[in-house]
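Step one of this worksheet: look at the structure below.
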Amino acid sequence: MSSAFLALKDLSITLSGATIIQHMSFSVRANTLTTLLGPSGSGKTTVLRAIAGLNTRVDGEILLDGQAIQQLPANQRQLGMIFQSYALFPNLSVFDNVAYGLRVQHQSAEAIEQAVTGMLATVNLSDKRDAYPHNLSGGQQQRVAIARSLVLKPKLLLLDEPLSALDAQTRVDLRDQIRDYQQKLGITMLFVTHDQAEAMAISDDIIVMNAGHVQQQGAPMAIYTQPANVFMAQFIGHHNLLTGDQLLALGCHHTRTQAVRAAHHYIVRPELFFREEPQNAGPVVAIAGHLISATMLGDRIRYRFATAVDQLTLTVERLNHTTPLALNQPLTLYLREHDVQEVGPHA
Amino acid sequence: MLSSTERFYARFVTLLIFIYLVMPILATIVYSFATSWVKTILPEGLTLKWYQQLVTNPDFSAALVRSLGLSLGTTLIAMACFLPVVFYVNVYAPSLKAKLHFITILPFTIPGIILVTGLIQVYANLPIPKSLILVLAIALLSLPLTYQVLNNAFIAHDFRAMFEQALVLGERPIPAFLKVILPNIKSGIFVAMLLTFTSAFGEYVLTNLLLGGNFETLKIYMYRLMQSNGQASSVLTTIYFLFLAFISLILILIMRHANTPSKERSKHS
Ligand SMILES: Nc1ncnc2c1ncn2[C@@H]1O[C@H](COP(=O)(O)OP(=O)(O)OP(=O)(O)O)[C@@H](O)[C@H]1O
Ligand SMILES: [Mg+2]
């Protein structure tokens, strides 16, 4: 991994006697937006709080820009953190909220005025400088929180599910704005979310964690197309996760690289089934069966396909772009053997 | 909807209750200004003589000073003990809230006499002045009320995140508390202080049991007067009543202010 800006080494975290994170290591490259993605309760917030210095019992090493920070109190780490609840100071105006950190640093009034005004313009809140938090919409409040952190030019900005309390449209808008600030201001962001689509849309890098462990780290495309293990395949969702037994029963004896083994796990992505036999694609398996349901997803239709193999149904997508296919009619789908991928066991 | 007879009946009952509650207070107030009011429906004349007499009585000023001192001491000690706890629990250990809530109910269930006996047994041999024990005991008795009011002040916002946010922005913990937490709970603190103050000011049982005649507070003085001089005691009751009414008014004003969000304030700036 080139130029690790933030590195967690062998991090273990204990909260009220329970070990939440055990021997976790990962790193984040400078000037990237990296998401920490995982199901609820997987320990994302706990890791973020440890990096910010808000957890008490932390073992292991946290390196920020080459400096070990795990011993520093929160107020000396020079990071930014965005809380899910915005954590605006209700007794202070928008301007005073954003100016808070600069005042702590005893900057001059002119410097503060200039920095805050500029930052409010960046987040498009110039007209709200004298408003109070409770008079702002959720999206505006979150932008104030972002401005309050960014105005300090933190080395690293941590965001804990910053969009989860917002409506769908505001979420998408603000998500793109956050990505925009990250690129314009050239800062490193570590963004926590449990929403895959969000992670896929804005990240340079995704770290998927579960039960206090890193399951996989990589670019969004790699996370989607090459899940490292069974958990990843299930988590990313709608992959067809098959055992070797099932594949053999379907008539598939090889993956791209090796022979199918009965007790191993394999995935086949839903968009890799074809209605016409692909040409020049190496060995192809023909699977007989029928469609049992169709779900409209907007840009595509997802079908459930019941095979002749006992109890085995597959999820298939993108079979037909214009009109839905008839259900319960005999249908043969084709699968290229080299599209079958082996995945490791649970991490 | 109520029919008109029902409404009349409801009003009539309300009026009766009102008279039942208010008449004694009114009578006491009038009596305190009366020259003499023995066998007539209305007093024979009005005078400030009784007030003058009471206020110039050294027993009164001594009792007043004791009561004020006791209430002030109790208020300060209660705040100094409970506010940090409530803050800590809300910001650092929300999981302890349920247990703490249970503990704060305990004083309700322990009769004063048991509390006093217990306190004396525990502290009698230690070189601690009894007045300090009294202050601590009254502070303890006010715990359910004080805790509830203080705790409610922490419900409105995510104070934990606010406090931590201030730290991450580079603030040290104590200034963070003063700048980010305190301004947002100050009306709660003020209400809690007033309530503790008034409950200490009106405390009788513990004071009497623990210190008795050695430490005559206004309340104890009031009972003593009642037995000897009816008019003087009605003067004291009136003063006492007006004092409480005044504090209640302040409480109502604060609570009303706290309940209307600072929309107006922000419009003005
Ligand atoms: N103070 C605490 N004491 C004990 N256990 C805790 C504490 N805080 C969190 N936990 C536990 O640690 C685990 C991880 O919690 P954490 O909040 O980090 O998860 P998360 O991934 O952020 O979840 P979510 O997506 O729901 O926010 C959970 O099982 C939680 O119950
Ligand atoms: Mg969380």
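The values are calculated or read from the model by the stated rules, or taken from the named source; none is laboratory data. What you see is a predicted model; the values in this text were computed from it and never measured. Neighbour counts run over all protein chains shown; Cβ positions are idealised from the backbone, glycine included. To get the accessible areas, we keep the full protein, side chains included, count just its heavy atoms, and leave off ligands, DNA and RNA. Shrake-Rupley method; radii C 1.70, N 1.55, O 1.52, S 1.80 Å.
Can you tell me which residues in segment A:6-39 are more than 21 Å from A:ALA201 (Cβ to Cβ), of a type outside the set (A, V, I, L, M) and in contact with a Gly (Cβ under 9 Å, 6 or more places away or on another chain)?
Correct list: A:LYS9, A:ASP10, A:SER12, A:THR19, A:GLN22, A:HIS23, A:SER25.
Restricting attention to segment A:97-115, report how many residues are facing chain B (nearest Cβ under 10 Å) and not polar (S, T, N, Q).
Adding up the residues that qualify gives 5.
To keep it simple, each residue is scored yes or no on (1) assigned to a strand (DSSP E or B); (2) more than 13 Å from ligand 1 (Cβ to nearest atom); (3) within 24 Å of B:LEU169 (Cα to Cα).
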residue: A:LEU6; (1), (2), (3): yes, yes, yes
residue: A:ASP10; (1), (2), (3): yes, yes, no
residue: A:THR19; (1), (2), (3): yes, no, no
residue: A:ASN31; (1), (2), (3): no, yes, yes
residue: A:THR35; (1), (2), (3): yes, no, yes
residue: A:PRO39; (1), (2), (3): no, no, no
residue: A:SER42; (1), (2), (3): no, no, no
residue: A:VAL47; (1), (2), (3): no, no, yes
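Can you go through B:GLN231, B:GLN148, B:GLN165 and tell me which one is over 14 Å from B:THR74 (Cβ atoms), more than 14 Å from every other protein chain (Cβ to nearest Cβ) and modelled with pLDDT of 85 or more?
The unique qualifying residue is B:GLN148.
Residues to consider are A:HIS254, A:HIS264, A:HIS238; find the one that is in contact (Cβ under 8 Å) with a residue 60 or more places away in the chain and either of a type in the set (Asp, Glu) or closer than 20 Å to A:THR313 by Cβ (or both).
Among A:HIS254, A:HIS264, A:HIS238, only A:HIS238 is in contact (Cβ under 8 Å) with a residue 60 or more places away in the chain and either of a type in the set (Asp, Glu) or closer than 20 Å to A:THR313 by Cβ (or both).
Considering segment A:18-50 alone, what residues qualify as being of a type outside the set (Gly, Ala, Ser) and over 18 Å from the mean Cα position of the chain (by Cα)?
A:THR19, A:ILE20, A:ILE21, A:GLN22, A:HIS23
Hey, A:LEU72 hits all of (1) open to solvent by 10 Å² or more (accessible area, probe 1.4 Å); (2) within 14 Å of chain B (Cβ to nearest Cβ); (3) part of a loop (DSSP other than H, G, I, E, B); (4) out of contact with any Gly (no Cβ under 8 Å at 6 or more places or on another chain) but one; which does it fall short on?
(4)
Residues of segment A:297-322 being over 16 Å from A:LEU247 (Cβ atoms) and modelled with pLDDT of 85 or more, which ones?
A:ILE301, A:ARG302, A:TYR303, A:ARG304, A:ALA306, A:GLU317
Filter segment B:175-201 down to residues that are over 21 Å from B:HIS257 (Cα atoms) and open to solvent by less than 20 Å² (accessible area, probe 1.4 Å) and give me whichever is nearest to the other protein chains (Cβ to nearest Cβ).
B:ALA176
Could you tell me whether any residue of segment B:5-25 is touching a helix residue (DSSP H, G or I) at 6+ places or on another chain (Cβ under 9 Å) and under 27 Å from B:GLU216 (Cα atoms)? Give the steps one after another, and end with the answer.
Keep residues of segment B:5-25 that are touching a helix residue (DSSP H, G or I) at 6+ places or on another chain (Cβ under 9 Å), which gives B:25.
Retained after the next criterion (residues that are under 27 Å from B:GLU216 (Cα atoms)): B:25.
Yes, segment B:5-25 contains at least one residue that is touching a helix residue (DSSP H, G or I) at 6+ places or on another chain (Cβ under 9 Å) and under 27 Å from B:GLU216 (Cα atoms).
Only one residue in B:ILE138, B:ILE133, B:ILE113 is surrounded by fewer than 19 Cβ atoms within 10 Å (Cβ to Cβ) and either more than 24 Å from the chain's Cα centre (by Cα) or not polar (S, T, N, Q) (or both), so which one is that? Please lay out each step first, then the result.
Details: B:ILE138 fails: surrounded by fewer than 19 Cβ atoms within 10 Å (Cβ to Cβ); B:ILE133 fails: surrounded by fewer than 19 Cβ atoms within 10 Å (Cβ to Cβ).
None of the others qualify; the one that does is B:ILE113.
Listed residues A:ILE223, A:ILE292; which is assigned by TED's automatic domain parsing to the domain that holds A:MET209 and either closer than 30 Å to A:THR32 by Cα or open to solvent by 60 Å² or more (accessible area, probe 1.4 Å) (or both)? Steps first, please.
Values: A:ILE292 fails: assigned by TED's automatic domain parsing to the domain that holds A:MET209.
A:ILE223 is the lone residue from the list that is assigned by TED's automatic domain parsing to the domain that holds A:MET209 and either closer than 30 Å to A:THR32 by Cα or open to solvent by 60 Å² or more (accessible area, probe 1.4 Å) (or both).
If you go through segment B:140-157 one residue at a time, do you hit one that is more than 21 Å from B:LYS99 (Cα to Cα) and touching a residue at least 60 places away in the same chain (Cβ under 8 Å)?
No, because not a single residue in segment B:140-157 is more than 21 Å from B:LYS99 (Cα to Cα) and touching a residue at least 60 places away in the same chain (Cβ under 8 Å).
Could you run through segment A:146-173 and say how many residues are away from ligand 2 (no atom under 16 Å from the Cβ) and under 26 Å from B:GLY170 (Cα atoms)?
12
Can you tell me which condition A:GLU113 does not meet? The list is (1) over 22 Å from A:ILE178 (Cα atoms); (2) open to solvent by 60 Å² or more (accessible area, probe 1.4 Å); (3) away from ligand 2 (no atom under 16 Å from the Cβ); (4) part of a loop (DSSP other than H, G, I, E, B), and all the others hold.
Unmet for A:GLU113, out of (1) over 22 Å from A:ILE178 (Cα atoms); (2) open to solvent by 60 Å² or more (accessible area, probe 1.4 Å); (3) away from ligand 2 (no atom under 16 Å from the Cβ); (4) part of a loop (DSSP other than H, G, I, E, B): (4).
Hey, does segment B:98-107 have a residue that's free of Cβ contacts under 8 Å to residues at least 12 places away in the same chain, of a type in the set (Lys, Arg) and within 14 Å of another protein chain (Cβ to nearest Cβ)?
Yes: one or more hits.
Please tell me if A:HIS254 is at pLDDT below 90, farther than 30 Å from A:GLN114 by Cβ and open to solvent by less than 40 Å² (accessible area, probe 1.4 Å).
no
Of all residues in segment A:1-36, how many are among the small types (Gly, Ala, Ser) and exposed (fewer than 15 other Cβ atoms within 10 Å of the Cβ)?
If we filter segment A:1-36 for residues that are among the small types (Gly, Ala, Ser), which is where we start, we get A:2-4, A:7, A:12, A:16-18, A:25, A:27, A:30.
Narrowing the set further to residues that are exposed (fewer than 15 other Cβ atoms within 10 Å of the Cβ) leaves A:2-3, A:16-18, A:25.
So the count comes out to 6.
Answer yes or no: is there a residue in segment A:168-190 that is within 16 Å of ligand 1 (Cβ to nearest atom) and open to solvent by less than 40 Å² (accessible area, probe 1.4 Å). Talk me through it step by step, then tell me what you get.
First, the residues of segment A:168-190 that are within 16 Å of ligand 1 (Cβ to nearest atom): A:171, A:190.
If we keep only those that are open to solvent by less than 40 Å² (accessible area, probe 1.4 Å) too, we end up with A:190.
Checked segment A:168-190: at least one residue is within 16 Å of ligand 1 (Cβ to nearest atom) and open to solvent by less than 40 Å² (accessible area, probe 1.4 Å).
Among the residues of segment B:202-251, write down those that are under 28 Å from B:ILE128 (Cα atoms), free of Cβ contacts under 8 Å to residues at least 40 places away in the same chain and not in a helix (DSSP H, G or I).
Matches in segment B:202-251: B:TYR204 only.
In segment A:133-160, which residue that is outside any helix (DSSP H, G or I) and within 13 Å of A:ALA87 (Cα to Cα) is farthest from ligand 1 (Cβ to nearest atom)?
A:LEU159
From the residues in segment A:49-65 that are modelled with pLDDT under 90 and either of a type in the set (S, T, N, Q) or not in a strand (DSSP E or B) (or both), which one is nearest to ligand 2 (Cβ to nearest atom)?
Among them, the one singled out is A:ASN55.
Any residue in segment A:44-57 that is touching a residue at least 40 places away in the same chain (Cβ under 8 Å) sitting within a Cβ distance under 9 Å of a residue that is of a type in the set (Lys, Arg) and within 12 Å of ligand 2 (Cβ to nearest atom)? List the pairs, counting only those 6 or more apart or interchain.
A:ASN55/A:ARG49
Looking at segment A:83-100, can you tell me whether even one residue there is in contact with a strand residue (DSSP E or B) (Cβ under 8 Å, 6 or more places away or on another chain) and either assigned to a helix (DSSP H, G or I) or assigned by TED's automatic domain parsing to the domain that holds A:ALA197 (or both)?
Of the residues in segment A:83-100, the ones in contact with a strand residue (DSSP E or B) (Cβ under 8 Å, 6 or more places away or on another chain) are A:83-84.
Applying the additional criterion that residues be either assigned to a helix (DSSP H, G or I) or assigned by TED's automatic domain parsing to the domain that holds A:ALA197 (or both) yields A:83-84.
Checked segment A:83-100: at least one residue is in contact with a strand residue (DSSP E or B) (Cβ under 8 Å, 6 or more places away or on another chain) and either assigned to a helix (DSSP H, G or I) or assigned by TED's automatic domain parsing to the domain that holds A:ALA197 (or both).
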